[in-house]
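The values are calculated or read from the model by the stated rules, or taken from the named source; none is laboratory data. Note that this is a predicted model, so its numbers are computed, not measured. Every residue, glycine as well, gets a Cβ built from its backbone with ideal geometry; the counts of neighbours run over all protein chains shown. Please note that ligands, DNA and RNA were not included when accessible areas were found on the heavy atoms of the full protein model with its side chains. Shrake-Rupley method; radii C 1.70, N 1.55, O 1.52, S 1.80 Å.
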Amino acid sequence: MSTAFDVQLFGPYADAVGESVVRITLPKGTDPTASELMKVIEQEQPQLRPMMKETRLAVNREFAGPDQMVRSDDDLALIGLVAGG
Amino acid sequence: MTVEIRIESGPLDAATSFACDGAGAIIAFEGIIRPDEQDRPIEAIEYEAYRPMADEKLHELAEQAMQRYGLKRIRVTHSEGRVPIDACSFRLEIASAHRAEGLEAMGWFIDTMKRDVPIWKRPRFVQQKESAP
């Protein structure tokens with residue numbers, strides 16, 4: 001059994017992956033922290049590696065600290081290198 | 001209302017009146033689409049916003065600016081979608097008692113927005129026509 005975490009991508013992140021969502025699947029019962037989930041994303045999506053240093057995970061539309069626990073039903077998005085205005 | 005935030009589709013309309021009782025300074029900034037990016041001609045910029053986080057973050061920043069600089073009023077308008085060159089994609093209007101805090105708030109808001117508000121831009125480059133043989 002496994003648990004899926006859907007992470008939304010925008011802008012250069014979506015361009016790099018070619019998708020607007022990446023699905024990360026972890027063994028059921030795994031409750032990753034934000035930094036753990038981002039490490040898995042980086043491993044599974046190596047094309048994002050050059051950008052990950054500047055990247056934060058948004059959990060339910062707020063920037064998460066590295067130790068914040070993430071649940072599969074959270075609203076997740078990778079945010080970084082924004083340049084509006 | 002002292003804080004107003006709007007994300008609008010396409011280029012922004014011309015500015016409307018921005019009055020404020022008791023203000024000694026009204027400062028407005030407009031971001032206009034330049035005709036080139038990275039030394040290449042463009043025809044437009046496409047803005048993509050992660051909503052509603054973008055709305056919430058703009059509101060949060062505006063509230064912070066009000067408190068931090070003691071502003072009297074702030075209005076933020078940002079485009080999403082396609083904005084052609086020479087059109088306005090971002091407008092920040094600030095009313096303050098004196099110019100110093102208004103000017104400082106303007107720089108702080110724009111710098112922080114570019115770091116923390118999830119709005120991305122993609123340049124749409126002019127397609128170069130192949131030259132005839």
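Miscellaneous remarks
- Test: B:Gly107 is small (Gly, Ala, Ser), within 14 Å of chain A (Cβ to nearest Cβ) and out of contact with any Pro (no Cβ under 8 Å at 6 or more places or on another chain): yes
- Only one of the numbered conditions (1) buried (at least 16 other Cβ atoms within 10 Å of the Cβ); (2) at pLDDT 95 or above is not met by A:Gly11, and that is (2).
- Of the residues B:Arg91, B:Arg99, B:Arg122, the single one that is touching a Gly at 6+ places or on another chain (Cβ under 9 Å), over 16 Å from B:Glu63 (Cβ atoms) and away from chain A (no Cβ under 14 Å) is B:Arg99.
- Among the conditions (1) among the hydroxyl-bearing types (Ser, Thr, Tyr); (2) over 26 Å from A:Tyr13 (Cβ atoms); (3) within 13 Å of chain A (Cβ to nearest Cβ), the only one that B:Thr77 does not satisfy is (2).
- Count of residues meeting criterion [facing another protein chain (nearest Cβ under 10 Å) and open to solvent by 10 Å² or more (accessible area, probe 1.4 Å)] in the range B:47-71: 9
- A:Val17 being loosely packed, with under 14 Cβ neighbours inside 10 Å, hydrophobic (A, V, I, L, M, F, W, C) and under 26 Å from B:Arg82 (Cβ atoms): no
- Screening B:Arg115 on (1) at the interface with chain A (Cβ under 9 Å from one of its Cβ atoms); (2) surrounded by 17 or more Cβ atoms within 10 Å (Cβ to Cβ) shows it passes everything except condition (2).
- Screening the candidates B:Glu104, B:Glu80 for the property of being open to solvent by 70 Å² or more (accessible area, probe 1.4 Å) and within 20 Å of B:Glu4 (Cα to Cα) yields one hit, B:Glu104.
- Criterion violated by B:Pro41 - all others in (1) open to solvent by 30 Å² or more (accessible area, probe 1.4 Å); (2) touching a residue at least 24 places away in the same chain (Cβ under 8 Å); (3) closer than 30 Å to A:Glu62 by Cα satisfied: (3)
- Checked against the criterion of being touching a Leu at 6+ places or on another chain (Cβ under 7 Å), under 14 Å from B:Ile110 (Cβ atoms) and surrounded by 14 or more Cβ atoms within 10 Å (Cβ to Cβ), the candidates B:Ile5, B:Ile74, B:Ile94 yield just one match: B:Ile94.
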